[in-house]
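Peer 1: Once you've had a glance at the structure underneath, I'll fire off some questions.
The values are calculated or read from the model by the stated rules, or taken from the named source; none is laboratory data. Just so we're clear, the structure is a prediction, and the values are computed from it rather than from any experiment. Methodologically, a virtual Cβ is constructed for each residue, glycine included, from the backbone with ideal geometry; neighbour enumeration extends over all protein chains shown.
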Amino acid sequence: MSLPGEIKRRITMLFHRDQLGRELEEEMNVHLELLRQQKIDRGLAPTAATRAAHLKFGNTARIKEKSLMAWGSETLESIFSDISYGIRALLRSRGLTIVALLSLALGIGANTAIFSLLDAVLLRSLPVNNPQQLVLLGTGDASGIGNNFVSTELYSYPFYRQLREKNTVFSDVAAIFSMTDNVHGFVLNSTGDTNSASELMHVKLVSGSYFPMLGVRAQLGRTLTEADDTTEGDHPVVVLSNGFWKRAMASDPDVLNRKIKLGDTIYTIIGVSPTEFFGTTVGESPDMWVPLSMVKFVPPGYDAYSKNFVQSLNVIGRLKPGVSLAQATTEVNLLLQQITRGFSDVDLSQKNLKELSKTHVPLTPIANGLSSIRRQFSEPLQILMAVVALVLLIACANIANLLLARSTVRARELAVRQALGARPSRLIRQLLTESLTLALVGGFLGVGFALIASRFLLRMVSGGSEILPLDISLNLHLLGFTLAVTVATAILFGTIPAFRATSLHLTDSLKEGRGPSSAGARNPLAKGLVISQVALSLVLTVGAGLFLRSLSNLNRVDPGFNRKNVLRLQIETDALGYKEDDPRLNALFQQIESRVNELPGVKAASFSAFTFHEGSWSGAMLVPGMPNNEDITVHQNVVGNGYFKTMQIPLIAGRTFSTADTATSQHVAVISERTAKMLFPAGNPIGRHFRVGRNEPEREYEVIGIVKDVKFDSLQEEPAYINYLSYAQRPWDFGDFEVRYTGPFSNISSSVQQAIKSINPNVRITHVTTLDEQLSRSMTNQRLVAQLSAFFGALAVFLSSIGIYGLMSYVVSRRTNEIGIRMALGAARSDVSWLVAREILSLVAIGVGIGIPAALVGNHLVANMLYGLKSTDPLSLVAAAVLLLSVASIAGYFPARRASRVDPMQALRYE
Amino acid sequence: MSRDEIPPGTLYLLILKTLALRKRLHGYEIAEAIEQRSEDILQVEEGSLYPALQRMLIKGWVVAEWGITAGNRRARYYTLTADGKKQLSVELSKFQRIMGAVSKVIQTA
């Protein structure tokens, strides 16, 4: 038996299928004719002989099909014919197809769009070698710089060095500066001049081992190596990201001969990283990487390279093959103890030893990267993913219902085909192919929709500030997801109607009349679908109601300051080259404050280290005689004299800062009400003394005033403990500048900026906005979830109402006969309408009845995202139920009216 | 007169053997020949015959060509190939092995 011959024959057959079919038919006809002849020879009459021959031979069509099936190409062949048949069938009922495609496109598109974000933020692996081997010391929870005795999140550079040397569990270890330095640097031209304006560059400092350890190779030139990270300060080299190379240097092929100036140092460009590499932090995309050996020279110039107890680095390791996470954790913790104790300048006080012995470093696998945004967005994205999945389910129920109704219309067609010998499995396959065709077209449209929607989503997620650098473009991962969703929907909405359609009683369906009995038999399923749609819609609308009410609750929260009519901008003074404690800096700030104060329309103006939702500088307030006060986190805010007036934070007792408080006078502080109660429980706090934090100079502050509590980081939080210091006494390299104004924003905005520029043109002004805007930005998540869930809730209700309308129209058309008889017997039109309306209302009532407990259970899961109400909020429940009932009534009104307009004579004649 | 259906698995054998004896037959003749030689005990289902012939064509055991019947009609004639002859002996020995086994079981009973 030669296999190649067989394959050849099979392939030839593919192209000659029609001929083969014809030949088979002819062959069988001859056979039949000969059989008939034989019967006649045996004495039968010609007609009887024909009958006998046919009886003996059997169903020719079926034999032909079976014979051709032997060639195996039948499947392929019939799929094509199924598809073309399906498309024709879909085109025949255009209304249904459009509704189905639209709901599919929206459902699949929404799923794809949300998934693309979810994928980018939560799921996708880093584009590096074997990302699953990468682990992070700590949980990736912190960034910044601190000088603690020991820390489980951030590490010092000397610690990284020793860990890299001493460990036996990692094939390599790398360190990443936990913050991204945003530097206004210059791209030098080929002659080394700065002929262009400065531009903002996001600079990431990494150890020399970073690129080799990740296995990332440069697309041009080379990446950083160990040799670039040996001695401090003399390796001015930089690796550019593909994005920066393209954007700022127009993909100059001669880039390796050009230089970049950051601060006072000129850096040689040694390479360009690969296109897909964005570093190791999802939601960031550095413009360039500089070796950590240069950390002191990249503005703002942290001194973190040689200090044993200055922690600023994330440390990642690549597990050796065969080493478990537990083994690595044990060794890292052992080394942490050893290395910390072994530092030459270690302070082994009782307290430090106790702290060290309690310290345990967890290791976190980071195959999908570090991320600051993951924590923020994982919950909302998961909620939205669930919401859109439910919407898709509703859409599926809808389409199933429409197909079900149609399959009844097609019952005769299907019955005829079965009678002619089509196997039920064949018909089911054909109906499923139709569903799949529908779903694939819907999925295709959905991908198009998702491409637009995901960009829109990303903008919403970014919350009005710079768009987050997330890659949400189409990729195989995403298309695979969409395809899986599409096929799943086709199976979901296609299977029930297909099995329904083929389990017919042939004779019933072939009969001309359509008795009420057959309609009754099919209704429970359709009704079940509508009920589940209503129930799911209720869950979604209740959820949307909860989120919307949370958002409005948040909007009504009193932050403790007056959010209206405050201009807010950030100024950067690094171009001036002053150190933080340069007295000229303070003079400049005071000058700006007083100049702006004099502008028309300005009521008050002040600098501050923070306003709202901007991070914090936290440090304990050490009050003599207060035990455990080190454990209370107090946000320290450094402000100008006019801050409380600008923010309209009321003074409760004492006074606020004045010009009398200078660098040389007694250091003073204003504390918030809550801080006063907590740290000075007895007596009047005013006049009492305290010190700030561990890392501050040994300096006594005197409490001079108490102000009302304000929210500091988010509207949801309890008012924070806040301690205000004056920048005249505690120098600060400011960012925030606030101006309380009257009149139009644009006028004030330009006059304030002009005033600042007139004082010093080198001061850079960025992030001009309002306080109100900044507050609403802190609610990005809540707004995102509320708006999208409201949108999808509305979509769900809309889809359900289509489902109800479709079902009731169908029911009315099936019951035309019955309605005619009722009316002929004297039923009033209103009775008939009520007959239909009652059915709709009972369906919706059952749906709501099932939906309420489902909503209570489902929405319990999102309790975290709610503010100011519980997940069992009765108002949201009632509102959703009323909404659904009224929408359902509208959807049912038209079929009910049609029922009442039935002309009894016509209805009866119709039978 | 009761006629028995062909036991499963033996249809190939019967067709192959029939073609080996009579060289060149069309479908009706194959069915007739089997029925006659079995003295009308075996009944060939056309519903099985044609799919089986198609499968044998695919396997390359038989080839088909169009010819004219005695009654002057166009019909498709099947002939055994070399592969078909080999297959006949395979099927024969398989059948004899099974029959031998079956009769042993029956005799000892």
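Peer 1: Within region A:231-322, which strands (runs of 3 or more DSSP E) (wholly inside it) include 1 or more residues that are within 22 Å of A:G215 (Cβ to Cβ)?
Peer 2: Qualifying strands (runs of 3 or more DSSP E): A:237-240, A:265-272, A:288-291, A:313-319.
Peer 1: Give region A:30-69 a look and list any residue that's more than 60 Å from the chain's Cα centre (by Cα), within 25 Å of B:E65 (Cα to Cα) and facing chain B (nearest Cβ under 9 Å), or say none.
Peer 2: Of everything in region A:30-69, those that are more than 60 Å from the chain's Cα centre (by Cα), within 25 Å of B:E65 (Cα to Cα) and facing chain B (nearest Cβ under 9 Å) turn out to be A:V30, A:H31, A:L32, A:E33, A:L34, A:L35, A:Q37, A:Q38, A:F57, A:G58.
Peer 1: Out of all the residues in region A:893-911, is one or more touching a Gly at 6+ places or on another chain (Cβ under 7 Å), surrounded by fewer than 20 Cβ atoms within 10 Å (Cβ to Cβ) and not in a helix (DSSP H, G or I)?
Peer 2: Yes.
Peer 1: Restricting attention to region A:454-475, and to residues there that are modelled with pLDDT of 80 or more and surrounded by fewer than 13 Cβ atoms within 10 Å (Cβ to Cβ), which single residue is farthest from A:M201 (Cα to Cα)?
Peer 2: If we take residues in region A:454-475 being modelled with pLDDT of 80 or more and surrounded by fewer than 13 Cβ atoms within 10 Å (Cβ to Cβ), then A:F456 is farthest from A:M201 (Cα to Cα).
Peer 1: Shifting gears a bit: Given (1) more than 23 Å from A:S67 (Cα to Cα); (2) away from chain A (no Cβ under 14 Å); (3) surrounded by fewer than 17 Cβ atoms within 10 Å (Cβ to Cβ); (4) not small (G, A, S), where does B:N72 come up short, assuming only one miss?
Peer 2: In the conditions (1) more than 23 Å from A:S67 (Cα to Cα); (2) away from chain A (no Cβ under 14 Å); (3) surrounded by fewer than 17 Cβ atoms within 10 Å (Cβ to Cβ); (4) not small (G, A, S), B:N72 misses (2) alone.
Peer 1: Turning to a different aspect of this structure: Does B:L80 count as at the interface with another protein chain (Cβ under 10 Å from one of its Cβ atoms) and closer than 30 Å to A:Q19 by Cβ?
Peer 2: It is false that B:L80 is at the interface with another protein chain (Cβ under 10 Å from one of its Cβ atoms) and closer than 30 Å to A:Q19 by Cβ.
Peer 1: Right, here's the next one. For region A:704-733, which residues satisfy the criterion of being of a type outside the set (D, E, K, R), within 21 Å of A:G642 (Cβ to Cβ) and either part of a loop (DSSP other than H, G, I, E, B) or out of contact with any helix residue (DSSP H, G or I) (no Cβ under 8 Å at 6 or more places or on another chain) (or both)?
Peer 2: A:I704, A:G705, A:V710, A:F712, A:L725, A:S726, A:Y727, A:A728, A:Q729, A:P731, A:W732 - these are the residues of region A:704-733 that are of a type outside the set (D, E, K, R), within 21 Å of A:G642 (Cβ to Cβ) and either part of a loop (DSSP other than H, G, I, E, B) or out of contact with any helix residue (DSSP H, G or I) (no Cβ under 8 Å at 6 or more places or on another chain) (or both).
Peer 1: Could you please let me know if A:G625 is under 41 Å from the mean Cα position of the chain (by Cα) and part of a loop (DSSP other than H, G, I, E, B)?
Peer 2: no
Peer 1: Further question on the same structure: Could you list all residues from region A:242-292 that are among the basic types (K, R) and out of contact with any strand residue (DSSP E or B) (no Cβ under 7 Å at 6 or more places or on another chain)?
Peer 2: Of everything in region A:242-292, those that are among the basic types (K, R) and out of contact with any strand residue (DSSP E or B) (no Cβ under 7 Å at 6 or more places or on another chain) turn out to be A:K246, A:R247.
Peer 1: For A:A605, are the conditions met, namely being in contact (Cβ under 8 Å) with a residue 24 or more places away in the chain and closer than 17 Å to A:Y741 by Cα?
Peer 2: yes
Peer 1: Which pairs turn up if I take residues in region A:575-591 that are modelled with pLDDT of 80 or more and look for partners that are surrounded by 14 or more Cβ atoms within 10 Å (Cβ to Cβ) and not hydrophobic (A, V, I, L, M, F, W, C) with beta carbon separation below 6 Å, at least 6 apart in sequence or on another chain?
Peer 2: Every condition considered, the pairs that remain are A:R584/A:Y578; A:L585/A:Y578.
Peer 1: Any residue at all in region A:480-498 that's assigned to a helix (DSSP H, G or I) and at pLDDT below 70?
Peer 2: Checked against the condition, which is being assigned to a helix (DSSP H, G or I) and at pLDDT below 70, region A:480-498 yields no hits at all.
Peer 1: Looking at (1) part of a helix (DSSP H, G or I); (2) touching a residue at least 40 places away in the same chain (Cβ under 8 Å); (3) more than 25 Å from A:A61 (Cβ to Cβ), can you tell me which one B:K86 breaks?
Peer 2: Result: B:K86 fails condition (2) only.
Peer 1: Which of the numbered conditions does A:P365 fail, given that it passes all the others? Conditions: (1) surrounded by 15 or more Cβ atoms within 10 Å (Cβ to Cβ); (2) touching a strand residue (DSSP E or B) at 6+ places or on another chain (Cβ under 9 Å).
Peer 2: Of (1) surrounded by 15 or more Cβ atoms within 10 Å (Cβ to Cβ); (2) touching a strand residue (DSSP E or B) at 6+ places or on another chain (Cβ under 9 Å), only one is false for A:P365: (1).
Peer 1: For B:R37, all conditions in the list (1) away from chain A (no Cβ under 14 Å); (2) within 22 Å of A:R62 (Cα to Cα) hold save one; what is the number of the exception?
Peer 2: (2)
Peer 1: Something else now. Does A:E27 satisfy the criteria of being touching a strand residue (DSSP E or B) at 6+ places or on another chain (Cβ under 6 Å), at the interface with another protein chain (Cβ under 8 Å from one of its Cβ atoms) and at pLDDT 80 or above?
Peer 2: Yes: the conditions hold for A:E27.
Peer 1: Here is a list: B:V63, B:V44, B:V102. Which entry is without any contact (Cβ under 8 Å) to a residue 24 or more places away in the chain and within 14 Å of chain A (Cβ to nearest Cβ)?
Peer 2: B:V63
Peer 1: Let me ask you something else. Given A:V752, A:V848, A:V857, A:V797, which one is surrounded by fewer than 16 Cβ atoms within 10 Å (Cβ to Cβ), of a type outside the set (K, R) and modelled with pLDDT of 85 or more?
Peer 2: Step by step, each of A:V752, A:V848, A:V857, A:V797 is checked, and only A:V857 is surrounded by fewer than 16 Cβ atoms within 10 Å (Cβ to Cβ), of a type outside the set (K, R) and modelled with pLDDT of 85 or more.
Peer 1: May I ask you to list pairs of residues, at least six apart or on different chains, whose Cβ atoms are under 6 Å apart, with the first in region A:29-50 being under 14 Å from B:H26 (Cβ atoms) and the second being surrounded by fewer than 17 Cβ atoms within 10 Å (Cβ to Cβ) and at pLDDT 85 or above?
Peer 2: From residues that are under 14 Å from B:H26 (Cβ atoms), there are no pairs.
Peer 1: Which condition from (1) in contact with a helix residue (DSSP H, G or I) (Cβ under 8 Å, 6 or more places away or on another chain); (2) facing chain B (nearest Cβ under 10 Å); (3) among the small types (G, A, S) is the one that A:G21 breaks?
Peer 2: (2)
Here's the yes/no breakdown for (1) surrounded by fewer than 21 Cβ atoms within 10 Å (Cβ to Cβ); (2) not polar (S, T, N, Q); (3) not in a helix (DSSP H, G or I):
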{"position": "A:I40", "(1), (2), (3)": "yes, yes, no"}
{"position": "A:L44", "(1), (2), (3)": "yes, yes, yes"}
{"position": "A:A48", "(1), (2), (3)": "yes, yes, no"}
{"position": "A:A61", "(1), (2), (3)": "yes, yes, no"}
{"position": "A:L68", "(1), (2), (3)": "no, yes, no"}
{"position": "A:V99", "(1), (2), (3)": "yes, yes, no"}
{"position": "A:I108", "(1), (2), (3)": "no, yes, no"}
{"position": "A:F115", "(1), (2), (3)": "no, yes, no"}
{"position": "A:V121", "(1), (2), (3)": "no, yes, no"}
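Peer 1: Conditions first: (1) surrounded by fewer than 18 Cβ atoms within 10 Å (Cβ to Cβ); (2) closer than 30 Å to A:S357 by Cβ. A:P321 passes all but one, so which condition is the exception?
Peer 2: (2)
Peer 1: Can you confirm whether B:L21 is within 14 Å of chain A (Cβ to nearest Cβ), free of Cβ contacts under 8 Å to residues at least 60 places away in the same chain and in a helix (DSSP H, G or I)?
Peer 2: no
Peer 1: Taking region A:412-426 on its own, how many of its residues are touching a Ser or Thr at 6+ places or on another chain (Cβ under 6 Å) and crowded, with 17+ Cβ neighbours inside 10 Å?
Peer 2: The total comes to 1.
Peer 1: Next question, about the same structure. Across region A:740-766, what is the number of residues that are assigned to a helix (DSSP H, G or I) and farther than 17 Å from A:R595 by Cβ?
Peer 2: Final tally of qualifying residues: 2.
Peer 1: Could you give me the residue pairs with C-beta distances under 9 Å whose first residue belongs to region A:534-551 and is of a type in the set (K, R), whose second residue is part of a helix (DSSP H, G or I) and modelled with pLDDT under 90 wherever it lies, and which are 6+ apart or on separate chains?
Peer 2: Note: pairs meeting the criteria are A:R549/A:A786; A:R549/A:L875; A:R549/A:S876.
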